[in-house]
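The values are calculated or read from the model by the stated rules, or taken from the named source; none is laboratory data. Computed from a prediction, not measured in an experiment: that's the story for all the values here. Heads up, the Cβs are rebuilt from the backbone with ideal geometry, glycines too, and the neighbour counts pull from every protein chain shown.
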Amino acid sequence: LRIVGSLDEALEDLGSAAELWVTSANAAGECLAHEDARARLRLDGEPILIAFGTGWGLADAVMQRADRVLAPITSPRPDGFNHLSVRAAAAITFDRLLGVH
Ligand code: SAM
C-alpha cells in the first residue's frame, strides 16, 4: 500500500499509457462488462488503475476522463440499483475480475 497525493500522481507512477477504469452504482451508457474486464486483465498490456469513490462517489471530472466505466454491480430490484459501501463494491469487483471461478 502506498498513499499518493492525487489521481494524477498515481497514474504518472504507472506510466503514460496506463488506463483509468472507474466504478459507480449509477454508471450508465457504455460500460465495460465484468466478464470483458476479466478477459482484458488476463492479457499483457498497459497497467490499469481501477478507481473507487467515497460517500458521494467519484467526481464527475474523474468519471469523464476515464478510459472505461465498469458495469455497476446490480441488485435483483427492477431497476437494478445497488448502492454498496466502497469496501463491499471493491471486494465484489476484485472477485469478479481476479477471483478464481
Ligand atoms: N452515489 C455513489 C455512486 O453512485 O457511486 C455512491 C458511492 S458508494 C458509497 C462508494 C463507492 O463504491 C462508489 O464511488 C463506487 O466506487 C463503489 N460502488 C458502490 N456501489 C457500487 C455498485 N453497485 N457498482 C460498482 N461500484 C459501486
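Observations
- Hey, Ala61 more than 9 Å from the ligand (Cβ to nearest atom), aliphatic (A, V, I, L, M) and loosely packed, with under 15 Cβ neighbours inside 10 Å or not: yes
- Every residue from the stretch 84-101 that is within 10 Å of the ligand (Cβ to nearest atom) and modelled with pLDDT under 95: none
- Top-ranked residue of the stretch 45-58 - restricted to ones that are more than 8 Å from the ligand (Cβ to nearest atom) and part of a loop (DSSP other than H, G, I, E, B), ranked as farthest from Ser6 (Cα to Cα): Gly45
- Applying the condition of being out of contact with any Leu (no Cβ under 6 Å at 6 or more places or on another chain), crowded, with 16+ Cβ neighbours inside 10 Å and hydrophobic (A, V, I, L, M, F, W, C) to the stretch 12-30 and asking which residue is nearest to Val86 (Cα to Cα) yields Ala25.
- Here is the figure for the stretch 1-48: residues that are of a type in the set (S, T, N, Q) and over 15 Å from the mean Cα position of the chain (by Cα) total 2.
- Tallying residues that are surrounded by 15 or more Cβ atoms within 10 Å (Cβ to Cβ) and either touching an Asp or Glu at 6+ places or on another chain (Cβ under 6 Å) or not small (Gly, Ala, Ser) (or both) within the stretch 41-51 yields 3.
- Restricting the stretch 64-101 to residues that are outside any loop (DSSP other than H, G, I, E, B) and among the polar types (S, T, N, Q), the residue that is surrounded by the fewest Cβ atoms within 10 Å (Cβ to Cβ) is Gln64.
- Where Gly45 falls short, out of the listed (1) under 22 Å from Glu12 (Cβ atoms); (2) modelled with pLDDT of 95 or more; (3) among the small types (Gly, Ala, Ser): (2)
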